[in-house]
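First the structure, in the form of structure tokens, and then the observations on it.
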Amino acid sequence: MNWRLEAWNPDYALPQVGFEESQFAPEVDTELEPAWAAVPVKECAWPLLYFVDGRQRIDAVIANEHAQRALLVTVAAGALVRDEAGIRLAEPPVIRRYALHTGGFRAEIRVGESFVYEPLETTAKDLRDLAGKVNGVMRGLEAQLAATLEGGVVVVDGPIYQGETVLERPLLGYAKTMWQRYLPSEKEALLSHLDENCRTPVFRIHKSQRRKLELYSWYLRLPINPSAPFHVGAGLIRMETQAQSAAQAIERADQMAYLFCHLASSPSRDPRAPQNLIPIGGLEAWLGRYMGQGEVIRRRIVQELFR
């Protein structure tokens, strides 16, 4: 049989697109390690780890008397800490509610006594574009939370936020989806032959007009059990970090590749396995409970309009 499954449940956004359909980022150095070949994961010590993630939800679309639209959105960010005592919540989550708009909404919007949406103005050409801004609001909240954590390595679910906040401590982001090309074709070919529990060599991504940070990056193929039904790219993630030197980035790549392989989720328990790490899946569920049920909040909004 010459076809294999994608590991993610199709109810979720597809984890990869064909590389020929994605854009190529040319400002990359690939000559940082001795050879461009697979690097097997090797055992490393576990450092103090923080896992930071966020969730977002559009509660309603509203319009004022001038037919100007706004999105009532809820965003949340939280952190888990992993140390010698195990994995636990680092601190209470941060929950924010905003009326995201492009003009015309200056006052807060109250829904009963429990829900208050603060006005947050941005630029967008239409509602779809406005909805796309919610992710940036959530990522900014994650970055603010990450900046408050003390010591250890901070792992964020997603690429490192390209905002104004730069952490002094080790920071690592990882992308579960492959929407952007980072390697030239001859280097990219290694991804199709990468075994489980192996990473690519580290490469440097330079600053650009779109990227405010210089980052070091590498790909890792996570283990997936059973592996037989799934294609070779089903467990692929891209990891990135800030570092003072290539040597420091390579050391971190070795350490974090080992840890990520031990934290990979199973398709029997997570529809986005193995890329949705076990701690991240738990953190997402925890944040959902603090955000409140979307259906309940929407009913409260409708009730408020009938008052």
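Nearest 10 degrees is fine. How inclined is helix 294-305 to the longest principal axis of the chain, computing both from alpha carbons?
20
Using a simple spin-label model with points 7 Å from Cα along the Cα→Cβ vector, what separation in nm is obtained for Glu27 and Glu150?
Taking the two extended label points, one gets 3.7 nm.
Dipole of the chain (Lys/Arg Cβ +1, Asp/Glu Cβ -1, origin at the Cα centre): which of Gln293, Thr200, Val153 lies farthest to the positive side?
Gln293
Could you check the simple spin-label distance between Ser208 and Ile58, using points 7 Å along Cα→Cβ, in nm with one decimal?
So the two model labels end up 2.8 nm from each other.
Just to be sure I understand the model, the point goes 7 Å from the Cα along the line to the Cβ. What's the resulting Arg169 to Glu108 distance in nm?
Here the answer is 3.1 nm between the modelled labels.
Please tell me the relative contact order of the chain in percent, rounded to the nearest whole number, where contacts are Cα pairs under 8 Å and at least six residues apart.
24
If you average the sequence gap of Cα pairs under 8 Å that are 6 or more apart and divide by the length of segment 100-241, what percent do you get for the contact order?
That works out to 18 percent.
Please arrange Arg199, Arg211, Arg106 by how many other C-beta atoms lie within 10 Å of their C-beta, fewest to most.
On the way: Arg199 23, Arg211 15, Arg106 9.
Sorted ascending by nearby Cβ count, the order is Arg106, Arg211, Arg199.
Mean shadow of segment 124-262, computed from the convex hull of its alpha carbons, in nm²?
Values: hull surface 41.0 nm².
The number I arrive at for segment 124-262 is 10.3 nm².
Where does the chain land at 222 nm, in deg cm²/dmol rounded to the nearest 500, when only DSSP H runs of n ≥ 4 count, each adding -39500 (n - 2.57), divided by all residues?
That calculation yields -7000 deg cm²/dmol at 222 nm.
Taking the square root of 5 times each eigenvalue of the Cα gyration tensor, what semi-axes in Å does the equivalent ellipsoid of segment 244-307 have, largest first?
Working: eigenvalues 329, 55, 11 Å².
Computed over segment 244-307, the values are 41, 17, 7 Å.
For segment 19-305, compute Rg over Rh where Rg is the Cα radius of gyration and Rh is the Kirkwood radius from the inverse mean 1/r over Cα pairs.
When Rh is taken as the Kirkwood radius, the ratio is 1.00.
Arrange Leu127, Leu194, Leu283 by Cβ neighbour counts within 10 Å, fewest through most, would you?
Ascending Cβ contact count within 10 Å gives the list Leu127, Leu194, Leu283.
Using a Förster radius of 30 Å, what is the FRET efficiency between Lys42 and Ser192 based on their Cβ-Cβ separation? Nearest 0.05, please.
Numbers: r = 23 Å, r/R0 = 0.76.
Computed FRET efficiency for Lys42 and Ser192 comes out at 0.85.
Which of Leu141, Leu263 comes first, and how do the rest follow, when ranked by fewest Cβ neighbours within 10 Å? The partial results should precede the final answer.
Values: Leu141 22, Leu263 19.
Fewest to most other Cβ atoms nearby, the residues stand as Leu263, Leu141.
How big is segment 29-155 along each principal axis, measuring the range of its Cα positions in Å and listing the largest first?
For segment 29-155, the Cα spread along each principal axis is 63, 38, 19 Å.
Counting pairs on different chains as well as pairs 8 or more places apart, how many Lys pairs in segment 19-305 have Cα atoms under 25 Å apart?
So the count works out to 12.
Each value in this text was obtained by applying a stated rule to the coordinates, not by laboratory testing. On a predicted model such as this, the values are computed, not experimentally measured, just so you know. A quick note on method: Cβ atoms are made from the backbone with ideal geometry, for glycine too, and the neighbour counts reach across all protein chains shown.
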